[in-house]
Amino acid sequence: YSQLIDLTDSKDELGQLARSFNSLSSSLNEVEQNRKEFLANVAHELRTPLSYMKGYAEGVEEGIISKEKGLGIIQKEANRLDRLVHDLLDLAQLEGDSYQMIHEPIAFAELIDDVVDQFSLAADKKNVRMERFLDDECIIMGNADRLGQVIRNLLDNALSYTPSGKCIYITLSKNEKDVSLEIKDEGIGIPNEDLAAVKQRFYRVKKARERKDGGTGLGLSIVSQIIQKHEGTFLLESTEGQGTSAKVTLKSMNENVFNS
Ligand code: ADP
């Protein structure tokens, strides 16, 4: 950690310089602190499935756990590890300064329809209804793969945290300047004290952490990064016990550009 200069009381240029130096130094410390925290989190997140795998492999070897049960768990944890590494690499790529994605005109309603269709089987199985209200004249400029990923992550959350018998509303609308996609669920909601933090890497609300088939805690960070790269906004609103609304707003594309 860099030292701070104790001249901040002096009113002359030297004092001013000392104050600038100190403020730069504390932001560098903060960056360094974040980096360390991130690495510690990554190590922890990778180690958890690994210790399960080791433990169950030993259990099977020693005959304490049945082969069937042990292998099932090892497979599940290996899948989790796979998802984690995949999401981490994806996030690292998105956060890289040099990362560029190709933007092209997208008929947003079509893209949303395709992704929602991919979830219909899972929703049926869980007895969760998905209702769509899509304005099919919404054209945006963006990367279809990445925006598909945004819709998938948001729908995946909505479906995971919404109990059987409830509904998910998917609405696409536009005004003169913007196109807005809202994915609103009638699920467990996010407690107020967690709402600001859930977009952070690895942050999961306690209830979600306890779910055995848990996600990686990286989904919303990836969504935030992708939307940032599209110069859009991503807003989460939620009431615990009632539901969550995820709203993505992107610049609407001028039709002239589309036709030219
Ligand atoms: P995860 O892989 O855990 O879903 P995310 O980054 O997508 O990671 O979400 C972070 C946390 O935010 C989740 O673990 C969950 O606690 C909370 N969360 C996200 N979306 C919802 C939702 N629609 N309803 C309730 N909680 C949610």
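Values in this text are rule-based calculations from the coordinates and carry no lab data. Computed from a predicted model, the values in this text were never measured in an experiment. In this analysis, Cβ positions are derived from the backbone assuming ideal geometry, glycine residues included, and neighbour counts consider all displayed protein chains.
How would Val60, Val150 line up from fewest to most surrounding beta-carbon atoms within 10 angstrom?
Details: Val60 18, Val150 28.
Listing Val60, Val150 from fewest to most nearby Cβ atoms yields Val60, Val150.
For the chain, rounded, prolate or oblate, judged on the Cα gyration tensor with a ≥ b ≥ c (square roots of eigenvalues), a/c < 1.5 rounded, else prolate if a/b > b/c?
On the way: a/c = 2.02, a/b = 1.09, b/c = 1.86.
Oblate is the answer for the chain, as a/c is 1.5 or above yet b/c matches or exceeds a/b.
In a shell of Cβ-Cβ distance under 12 Å around Glu104, excluding Glu104 itself, what net charge do Lys and Arg (+1) and Asp and Glu (-1) give?
On the way: positive: Arg146; negative: Asp145.
The answer is 0.
Starting from the Cα-Cα distance between Asp82 and Leu7, subtract it from 0.36 nm times their residue separation and give me the gain in nm to one decimal. Walk me through the numbers before you get to the answer.
Working: separation 75, 0.36 × 75 = 27.00 nm, distance 5.15 nm.
Value of the extension gain: 21.8 nm.
If I take R0 = 41 Å and measure r between the Cβ atoms of Gln93 and Glu176 in this structure, what FRET efficiency does the formula 1/(1 + (r/R0)^6) give, to the nearest 0.05? Can you show the working numbers first?
On the way: r = 34 Å, r/R0 = 0.83.
Efficiency, from the Cβ-Cβ distance: 0.75.
Once label points are set 7 Å from the Cα along Cα→Cβ at both Leu39 and Thr239, what is their separation, rounded to one decimal in nm?
If labels sit at Leu39 and Thr239, their model points lie 4.5 nm apart.
Could I have the simple spin-label model distance between Ile102 and Ala197, label points 7 Å from Cα toward Cβ, reported in nm to one decimal?
Here the modelled spin labels are 4.1 nm apart.
Between Lys247 and Asp114, how many nm apart are label points set 7 Å from Cα along the C-beta direction?
2.7
Classify the range 112-151 from the C-alpha gyration tensor, please: rounded if a/c falls under 1.5, else prolate or oblate depending on whether a/b exceeds b/c. Can you show the working numbers first?
Working: a/c = 3.81, a/b = 1.73, b/c = 2.20.
Cα axes put the range 112-151 in the oblate bin.
Can you return the lysines within cross-link range of Lys126? Criterion is Cα-Cα under 24 Å, with same-chain partners fewer than 8 residues away left out.
Within the straight-line cut-off, Lys126 pairs with Lys76, Lys166, Lys184, Lys206, Lys207, Lys212, Lys247.
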